[in-house]
1. Could you check how many percent of all C-alpha pairs in the stretch B:57-226 are farther apart than 30 Å?
2. Between helix B:14-49 and chain B, what is the angle of the helix's C-alpha long axis to the longest principal axis, kept within 0 to 90° and rounded to the nearest 10?
3. Which of the listed residues, A:Gly148, B:Gly305, A:Ile88, is farthest toward the dipole's positive end in the protein assembly as shown, when Lys, Arg count +1 and Asp, Glu count -1 at the beta-carbon?
4. Counting pairs of alpha carbon atoms under 8 Å apart in space and at least six apart in sequence, what relative contact order in percent does the stretch B:120-197 give?
5. How big is the charge dipole of the protein assembly as shown about its Cα centre, in debye rounded to the nearest 20, if each Lys and Arg gets +1 on its Cβ and each Asp and Glu gets -1 on its Cβ?
6. Given the pairs A:Lys189/A:Lys209; A:Lys162/B:Lys4; B:Lys251/B:Lys351; A:Lys118/B:Lys397; B:Lys308/B:Lys397; B:Lys4/B:Lys310, which span a C-alpha to C-alpha distance of over 20 angstrom in this model?
7. Averaged over every viewing direction, what's the projected area of the C-alpha convex hull for the protein assembly as shown? Give it in nm², one decimal, please.
8. Taking the simple approach of a point 7 Å from Cα along Cα-to-Cβ for both B:Glu82 and A:Leu223, what is their distance in nm?
Amino acid sequence: MSKPVIEIKNLEKVYEGAVPVHAVNGINLTITEGEFTALKGPSGCGKTTLLNLLGGLDQPTSGTIEIGGVDITTLSENQLIDFRLRNIGFVFQAYNLIPVLSAQENVSFIMLLQDRPKEEREARAQQLLEAVGLKGKEGQRPGQLSGGQQQRVAVARALASKPQFVLADEPTANLDSTSTANLLDIMEKLNKEEGMTFVFATHDDRVIKKARRIISIEDGKVLSDE
Amino acid sequence: MIFKVAWRNIWRSKVRSFIVIGSIAVGIWAGLLIIGFSFGMNNERTASAIGTTIGHAQIHSTAFDIEPLSGAVLGDDVAVDELREEVEHLPFVAGTAQRTVLQGMINSAKSARAVRIMGVWPEDERAQTTLPVSLVEGDFFESEGRNRLVIGEKLANRLGLKLRSKVVLTFQDTEGTLSRASFRVSGIYKTLNATWDEFHLYVHHEDLEKTLSAPLVHEVLVRFTETVDTDEKTVELAAVLPNGMSLKSWKQVNPELGFADDMMAIMLVLVLGIIMMALLFGIINNMLMAILERRRELGMLMAVGLNKRKLFLMILLETLILGFVGGPIGIVLGDLSTRIMMRIGVDLTSKKEGLAELGVQSIIYPEIVPEYYIIIAIMVVTTALIASILPAVRALKLNPVEAIRGQ
């Protein structure tokens, strides 16, 4: 049986205001190693908030999030930054690559933050870019790449730090159907061949169809888990 | 790679970065020009006063310093010769000149004025001062004759005197008795120090001795080989003086010159400070704009694990790079401009009269002052460091989630 990567218990996130908003309302969830999971739901259902909480980008109002046995809700801000660097890969909707760096440098940058040696950084960046189908594009900057290619660089960057899992927030929202299909094929391949755990927050049917586990969220609660 | 990112970030907005780098370069260029010009003007004024009239230091008897009476002499001929010999042995001393200094009155047919009468040994004055070449009319005791007088142009004009005009000098002898003697103007001088010209007149020491009945030496002027470290040299010189004698540096003889020297150093640092302040706000503005434009990217970097120390370092580097690029350009431009002006001079002939009152020639030759290059370099780095703080703090306060969303 696969070991759990993420364990969420009684997770709540309330945004205070004139009318408090329960963005995440008592979610219990376990994500195991090698999953290819989609969190789906309409806009405002809480899936992005849940993803931010899983990624340690936001603090819950209550509940615990254990990643590899570490309750990240107890970590300080600096500890969280370091934890994210070593354990979590991120893919964002708007790619968010560093425009002044080449594709290879964008991928290497994460490893530089981990203080990995230059030779290892360069070799792994090349290997990852090849894996996402960008061999020959290593020296190109984001502005010289298509949206789909940029998102593939983002996937390579997410994997560069050898994370426990990758969180992808609407990764296909800005892509055409061909680019989406390409990207999903690559991520599925990485999942199957390297056992990388992927968690998507999406309302894109193309992503949901590829997912092996689909968690529906509505009003901050898990509606279904298939 | 953090440096590479910082360097490339600078050139993301080329126009903006060029404007900031350009303003740093222009600010430093202007600062160096002001420094070169001010030093050129001040040093010329100082060199002129030292070379023409006061020397680098003056030796008097302590009694003369208390009250400059005729009897307050340095000693007899032998004592003065020994003193000069000892002083001239010091390696930094170029030469000495002895003088009789009397307080007195000059009477012309038109008017009378209080003056200081300098009884000089003309050969000494020619060797140690440039006064003999500052004559606009007549000569400096080269022509034959008795009771010759060399007077400043300004004083001559006030007294209505011309060459060969006759005047009467009144002064005290060593007994305290007033003596009178008539002199004839044989030379008219004009230095860059109008105040000196108005108060000092020169006579041959032999002509004074006829009235005073004895040679009186009140002052020994000392000229150094160069006008560098004069305070230290003055201290060293004072150590060889016998008891009963005192030494005054050129700054003490003419406190106005020394004060101008010290004030200029303070003023120049202030001017540089003001330039740096202006640059500071320019750099801060530029960096804040850069942070604002890159919120999403910075949020991503924080999300994926760029810690606060490295984020701060990246912004600090970007700011420092602006200074490190603009600074040397400004220094090179300033240095080149100063060197060009050192050759051709800055012609301020239209302000000739005013400058003459200040003891400065109408063509100013700026000077290169290497110490200020170091001061400027330190100031630029400090300015860049200070300028990076606010943008860096803004960046550190970013919430990654909000920044990534572009909020």
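Each value in this text was obtained by applying a stated rule to the coordinates, not by laboratory testing. Remember, it's a predicted structure, so these values are computed and weren't measured experimentally. Virtual Cβ from ideal backbone geometry, glycine too; neighbours counted across all protein chains shown.
1. Above the 30 Å cut-off, the stretch B:57-226 has 13 percent of its Cα pairs.
2. Roughly 10 degrees, rounded to the nearest 10.
3. A:Gly148
4. 38 percent
5. Its charge dipole is roughly 2860 debye.
6. A:Lys162/B:Lys4; B:Lys251/B:Lys351; A:Lys118/B:Lys397
7. 42.0 nm²
8. In this crude spin-label approximation the distance works out to 11.6 nm.
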